[in-house]
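Below: the structure, in structure tokens.
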Amino acid sequence: MPINLKTAVVETREQRLGTIIGWDGKASDLSHESAYARGGCASKCGPKARRICELRGPFTQGSICSEQMVECQAGNVRDAVLIQHSPIGCGAGQVIYNSIFRNGLAMRGLPVQNLHLISTNLREKDMVFGGIAKLEQTIRDAWERHHPKAIFIGTSCATGIIGDDVESVATALEAELGIPVIPLHCEGFKSKHWSTGFDATQHGILRQIVRKNPEKKQEDLVNVINLWGSDVFSPILGELGLRVNYVVDMATVDELAQMSEAAATVGFCYTLSSYLAAGLEQEFGVPEVKAPMPYGFAGTDAWLREIARVTNREGKAEDYIRNEHARVKPKLAELREKLKGKKGYVATGSAYAHGLIGVLRELGVEVDGSLVFHHDPVYDSQDPREDSLAHLIDQYGEVDNFTVGNRQQYQFFALLQRVKPDFIIIRHNGLAPLAARLGIPAIPLGDEHHAVGYQGMLNLGESILDVLAHKKYHQDLAAHTKLPYKKWWLDQKDPFLFARSV
Amino acid sequence: MSIVETKIRDLPPASLAPAKTNSIEQIRYGCAIGALQSVAAIPRAIPITHCGPGCADKQFMNLAFYNGFQGGGYGGGAVVPSTNASEREVVFGGAERLSELIESGLKILDADLFVVLTGCISDLVGDDIGAVVRPFQERGIPIVYAETGGFKGNNFTGHELVTRAIIDQFVGDYAGEQQTGVVNLWSLLPYHNTFWRGDLTEIKRVLEGAGLQVNVLFGPESKGVSEWKAIPTAQFNLVVGPWLGLSTARHLEHKYGQPFLHVPVLPIGSNETARFLREVLDFAGITAGPARDKAEAFIADEEARYYKYLEDFTDFYAEYWWGLPAKFAVIGDATYNLALTRFLVNQLGLIPARQIITDNPPDEFREEIRAQYRRIADDVATEVDFEEDSYAIHQSLRQTDFGHKPPIIFGTTWERDLAKELKGVIIEVGFPTSYEVVLSRSYVGYRGALTLLEKIYSTIVSRSA
Amino acid sequence: MGKKTKQIAIYGKGGIGKSTTTSNISAALVEAGYKVMQFGCDPKADSTNTLRGGEYIPSVLDLLRENSRVDAHDAIFQGFRGVYCVEAGGPQPGVGCAGRGIITAVQLLKQQDIFEELDLDYVIFDVLGDVVCGGFAVPVREGIAEHVFTISSADFMAIYAANNLFRGIQTYSNKGGALLGGVIANSINTDFHREIIDDFVEKTQTQVVEYVPRSLTVTQAELQGKTTIEAAPHSEQAGIYRRLAKRIAGHTESKVPSPLDAKELRAWSAGWADQLIEIERRSERLVANA
Ligand SMILES: Nc1ncnc2c1ncn2[C@@H]1O[C@H](COP(=O)(O)OP(=O)(O)O)[C@@H](O)[C@H]1O
Ligand code: SF4
Ligand SMILES: [Mg+2]
């Protein structure tokens, strides 16, 4: 059974998919070790997950937790409240996600507001006597203050350990208040990779918000699973006569509920969309568009054609594809000329990196190294058309230095030394400062849609040119800073020196 | 008879005021492990965290990044080692994992001091951290530990726990002489206070201008661990602010027999700074003679420069056609709140409409803090509220009478929309300040006060058209 | 598929006979043709030993410690007549968090839909102790066990533990948690023992499901690594276990108990202690007079 909505607690990525966070080698080898290439394996693997040998070492730097991803998804639903059932520290995330939420709303032309996150603010006493009474109080506060359309409850390490029975309170108050009250189990310690937090949010939404037996179908509505990115999908899908239903961030509860009425679900990154898209198909019969992701010509062509096929709009897609190729190609040629001889490095989430490397290769930028923050050997649908890594290798060839690591800055120095790029593309804080201190400028991809589609290739090309100009700043800085690592370590060639295969 | 009549505020009738609950919406501090940034504030010190995978990132990103975009520092931010504790460390305990993290970290990281901080997980399952850290200490490695599980309190609490851990486990015992004229400074909470770097720099500058030698301990002006090692040799401890640092000073008094001076008001502007310096000089025993003369000369010199600028500013302040705000509110931690309120009332003659302290000072200090506001100027008394929940804070601001002019709100990013709603002006001065980029800017002392004036009135003027 | 698995939790203080009794219930139920899983929730991980010839099995948490992903099937072992045996396991005493361990282990099996897949009729949780923390309460919470039984002897410490459990049940009862089926009275060999237990269940408004005497047959079976049902199928004790199993299998209506508060409990036990001393005195006198 691919997705189990019967239990309130989502199954972690490592359990479901065999996700790893430490690996080093050639992209083709990783692809080969992953499920799509290997197919079913004997006994050790679950129904879906595949076991890839993983590198694990004693030294690790702070990662990111699932609860943070719940904050940035469930916490960004416009007319809902997210309660953080935790000591105050987990609530610190409200600051960053508020800033991102506000700027995202502004970029999307929606009314700017602060997010609605409330901490139950648990103290020592609550660790001993349980935090349930406070949770109940905070649910009531949330209701009285905001009259939200739904209340999410994110759990934390502390409440997971003391074993607070969040479900019971949620069930009782859901009945009393008449709105969905949705526990999201996202204890940081539960999963080694934060993307489980995406799944936790989506699990809760599938269980308690998505309309069960939709009366109507909206045959021109497409669910687009994204974050805060600018609205690039409406113009593209508009060409096919389709409307966009952006989820989860910045959506309303009703927009989440209507996902079951849509004609299809697409994403820009399978890391993010895997669970929700598969769940919508399995439980509500909304087809997930199974195609390469919309990056570069081949990916975007195939992605559009598959959307068109699923929504019966084949003819329109072909016109659009033809026109866009004609429009973009000359400009792309100019950019290729300017970017000749440049080398890039991609350090982002897993599937997203697969897409971006493709775009860089379209731009004629050399990429012989990449760091992805985790690797899913398979996505929830298990459909080989979603095998984004294989698509990259088939279309654009090998990536010699392909590394999986959950944002470990201490390894990044050696990784960059291996390939000496002119610039890096980064999403998630923490690595860019190190690159900067080596004199390498970084493109922080705040708008995750920046490189999507045909226009995305041009966008990214322009951004690279902008950032290459920053080089002066970074080189100057490099001459004046010292890294917090021992020289002995910086001299090591192998970033996984201390690790062993498990 | 008072010149400024501070009205007894129209508090909402009790039935309308929401009862105080445990809920905190739009947080204004992190948790105890947030003190990892206090470690990062010590040059060449690195925190080692034993906690869930999100804790270190969360505290850093929010305290140090989306708060003035300060950056993580040498050993903070993404550098911070963490056990990233998983289910395994929860169920079976995480002591071994921590031990291997420290051992390997020593090979990789280049630091003069390591501070182990624990999170909720370790403190709940009861890992014996002392037993993990002690063998390293016995090997002569500069490493200490503090138990900073999030449920123990906020990052102010964590800061004091970390400070104490370093003093007790690293600085150690001392029975030697104390050096006249040397002072340890305990004041702003690093990183949490958006302007701490510039502010500590200015405080150090004026104290040194007055002839003292300052162990500033945190920030770019600190000499790092050697300064910490020198703590016991100082003549006395200086606590600047209503409460933070007092427990450290008391501990040092007990431990090294060092006296301490508590100055509740962080000085902003010439008058406050001069008063501050004289109080410190008196306490240091520099009451007369050439040393005092030199200090007085410094004060006079700073004062002259300050008033030259203020004179020029007067043209604007007296003549600006389009109106300037008269009433203000300050929403912030006790230290900045009190300092700003005093400056705005005494220097600019603004009228305090609402003051809310948001850092949850321990109860024992609250009466004294209230008293400070009741004598905010010779002729002005005001009341102060203690509240950490932004919903309650915003309700209270909505119910405040700001008179006929748009108010000016000294607050945080959380007040941006509210300021618009009240048709007022927002100056982000505290955590979280997500819409300012702050490097060395300071709002205190002589120089900082002028910067503050620039900031306030540029914000107002830029809204004119 | 389609049938509903009946889930039962058996609680009691350490050493009171939970595992012995639970294993005999499981054995009796498989013998009667049901598909049964016994799920040990005790860090000692010895709940199912007598169902498997005295052998220890690797626990769910052992597997979790060694592997990054755990296939629940690796933690399921079959024993006497195909009974499924699972041990949650847990940390060494003094470290980590045993309660969390139970949460983890139970969730793992649920997420992998094991109970449905094995088409079980009964899952019996053998849970340590009075409800000490949230983790140990997991089996009584909504969606897991529907019925809880507690094992107690006439010993006051055991009764304290039972009373504590009743309080846990009361807490969860209005939130859809499990209700109390009754008390399994273990090691009841005298009328006096019986009176104490009877009085306790009356005060707390529950019932005794079965009186199980202390018996050498049990000890002998255990020495062979077997349940009494397996080792001495025709013994009287086996008969008692079968009757108990049948009652538990047929049990449908559980209730919210009325635990005694601390003061009541103290008063209650003091009352019985006085009687006990009286009885002892009398028997001493008898001995002296003899
Ligand atoms: N009715 C009984 N007759 C004889 N011995 C018993 C009886 N019940 C339990 N025991 C013995 O008591 C000891 C503890 O029992 P066990 O089931 O392991 O307790 P628990 O699981 O509650 O810790 C075992 O040696 C067991 O054989
Ligand atoms: S790892 Fe745990 S304690 Fe830390 S921020 Fe995440 S949920 Fe909170
Ligand atoms: Mg047992």
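The values are calculated or read from the model by the stated rules, or taken from the named source; none is laboratory data. If you're wondering where the values come from, they're calculated on a predicted model, not measured in any experiment. All Cβ positions, glycine included, derive from the backbone under ideal geometry; neighbour counts span all protein chains shown. All accessible areas refer to the heavy atoms of the entire protein, side chains included, with ligands and DNA or RNA removed. Shrake-Rupley method; radii C 1.70, N 1.55, O 1.52, S 1.80 Å.
Every residue, every condition in (1) surrounded by fewer than 16 Cβ atoms within 10 Å (Cβ to Cβ); (2) within 14 Å of chain A (Cβ to nearest Cβ); (3) at negative phi, yes or no:
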position	(1), (2), (3)
B:Glu383	yes, no, yes
B:Gln395	no, yes, yes
B:Gly403	yes, no, no
B:Trp414	no, yes, yes
B:Val437	yes, yes, yes
*Which residue out of C:Arg100, C:Arg65 is over 30 Å from C:Ala32 (Cα atoms), in contact (Cβ under 8 Å) with a residue 12 or more places away in the chain and either within 14 Å of chain B (Cβ to nearest Cβ) or of a type in the set (A, V, I, L, M, F, W, C) (or both)?*
C:Arg100
*Taking A:His428, is it open to solvent by 40 Å² or more (accessible area, probe 1.4 Å), part of a loop (DSSP other than H, G, I, E, B) and either touching a Leu at 6+ places or on another chain (Cβ under 7 Å) or at positive phi (or both)?*
yes
*Return only the number of the condition from (1) open to solvent by 10 Å² or more (accessible area, probe 1.4 Å); (2) within 14 Å of another protein chain (Cβ to nearest Cβ); (3) more than 16 Å from ligand 1 (Cβ to nearest atom) that C:Gly135 does not satisfy.*
(1)
*Among the residues of the stretch A:167-200, count how many are buried (at least 24 other Cβ atoms within 10 Å of the Cβ) and facing another protein chain (nearest Cβ under 10 Å).*
12
*For the subset of the stretch A:470-502 comprising residues that are assigned to a helix (DSSP H, G or I) and open to solvent by 70 Å² or more (accessible area, probe 1.4 Å), which member is farthest from B:Leu109 (Cα to Cα)?*
A:Lys472
*For A:Leu483, are the conditions met, namely being out of contact with any strand residue (DSSP E or B) (no Cβ under 9 Å at 6 or more places or on another chain) and not charged (D, E, K, R)?*
yes
*Which one is nearest to A:Ile182 (Cα to Cα) among residues in the stretch A:76-118 that are within 11 Å of another protein chain (Cβ to nearest Cβ), surrounded by fewer than 19 Cβ atoms within 10 Å (Cβ to Cβ) and free of Cβ contacts under 8 Å to residues at least 60 places away in the same chain?*
A:Gln113
*Check the stretch C:159-172 and report whether any residue there is touching a helix residue (DSSP H, G or I) at 6+ places or on another chain (Cβ under 7 Å) and at pLDDT below 80.*
yes
_Failed condition for C:Pro43, given (1) more than 14 Å from chain B (Cβ to nearest Cβ); (2) in a loop (DSSP other than H, G, I, E, B); (3) more than 11 Å from ligand 1 (Cβ to nearest atom)_ = (1)
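Return the residues of the stretch B:205-223 that are among the basic types (Lys, Arg) and surrounded by 22 or more Cβ atoms within 10 Å (Cβ to Cβ); say none if nothing qualifies. Outline the logic, then answer.
Going residue by residue through the stretch B:205-223, those that are among the basic types (Lys, Arg) are B:205, B:223.
If the condition is that a residue be among the basic types (Lys, Arg) and surrounded by 22 or more Cβ atoms within 10 Å (Cβ to Cβ), then no residue fits.
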*For the subset of the stretch C:80-104 comprising residues that are crowded, with 24+ Cβ neighbours inside 10 Å and at pLDDT 90 or above, which member is farthest from C:Val60 (Cα to Cα)?*
C:Val83
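Looking at the stretch A:120-130 only, could you name the residues that are out of contact with any Pro (no Cβ under 8 Å at 6 or more places or on another chain) and facing chain B (nearest Cβ under 9 Å)? Give the derivation first.
Initial filter on the stretch A:120-130 (out of contact with any Pro (no Cβ under 8 Å at 6 or more places or on another chain)): A:120, A:124-130.
Once the filter is applied, which keeps residues that are out of contact with any Pro (no Cβ under 8 Å at 6 or more places or on another chain) and facing chain B (nearest Cβ under 9 Å), the stretch A:120-130 yields A:Thr120, A:Glu124, A:Lys125, A:Asp126, A:Met127.
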_Consider the stretch A:279-299. How many of its residues are within 20 Å of A:Thr7 (Cβ to Cβ) and open to solvent by less than 10 Å² (accessible area, probe 1.4 Å)?_
2
*Give, as residue ranges, the helices (runs of 4 or more DSSP H) completely inside the stretch B:103-204 that count at least 2 residues that are within 12 Å of chain A (Cβ to nearest Cβ).*
B:120-125, B:155-166
*Which numbered condition trips up B:Arg88, out of (1) more than 22 Å from A:Gln411 (Cα to Cα); (2) open to solvent by less than 20 Å² (accessible area, probe 1.4 Å); (3) outside any loop (DSSP other than H, G, I, E, B)?*
(2)
*Complete set of residues in the stretch C:1-40 that are near ligand 3 (Cβ under 10 Å from one of its atoms), assigned to a strand (DSSP E or B) and more than 20 Å from C:Met157 (Cβ to Cβ)*: C:Gly40
*Failed item, numbered, when B:His394 is tested on (1) part of a loop (DSSP other than H, G, I, E, B); (2) out of contact with any strand residue (DSSP E or B) (no Cβ under 7 Å at 6 or more places or on another chain)*: (1)
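Just a yes or no: is a residue in the stretch C:207-218 buried (at least 23 other Cβ atoms within 10 Å of the Cβ) and closer than 22 Å to C:Ala270 by Cα? Reasoning before the result, please.
Within the stretch C:207-218, the subset buried (at least 23 other Cβ atoms within 10 Å of the Cβ) is C:212, C:218.
Within this subset, residues satisfying the condition of being closer than 22 Å to C:Ala270 by Cα are none.
No, the stretch C:207-218 contains no residue that is buried (at least 23 other Cβ atoms within 10 Å of the Cβ) and closer than 22 Å to C:Ala270 by Cα.
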*Those residues of the stretch B:349-376 which are surrounded by 18 or more Cβ atoms within 10 Å (Cβ to Cβ) and out of contact with any Pro (no Cβ under 9 Å at 6 or more places or on another chain), in sequence order*: B:Ile351, B:Pro352, B:Gln355, B:Ile356, B:Thr358, B:Asp359, B:Asn360
*asked:* Can you tell me which of (1) open to solvent by less than 20 Å² (accessible area, probe 1.4 Å); (2) of a type in the set (S, T, N, Q); (3) in a loop (DSSP other than H, G, I, E, B) is the one C:Thr252 doesn't meet?
replied: (1)
*Among the residues of the stretch A:204-237, which ones are open to solvent by 10 Å² or more (accessible area, probe 1.4 Å), under 26 Å from A:Tyr320 (Cα atoms) and either of a type in the set (D, E, K, R) or in contact with a strand residue (DSSP E or B) (Cβ under 8 Å, 6 or more places away or on another chain) (or both)?*
A:Lys217, A:Gln218, A:Glu219, A:Asp220, A:Asp231, A:Ser234
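Mind checking which strands (runs of 3 or more DSSP E) fall wholly inside the stretch C:147-212 and carry at least 2 residues that are touching an Asp or Glu at 6+ places or on another chain (Cβ under 8 Å)? Walk me through how you get there before you give the answer.
Values: elements: C:147-152, C:179-186, C:208-212.
Passing ranges, in order: C:179-186.
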_Residues of the stretch B:53-72 classified as part of a loop (DSSP other than H, G, I, E, B), closer than 20 Å to A:Arg437 by Cα and touching a residue at least 60 places away in the same chain (Cβ under 8 Å), total_ = 2
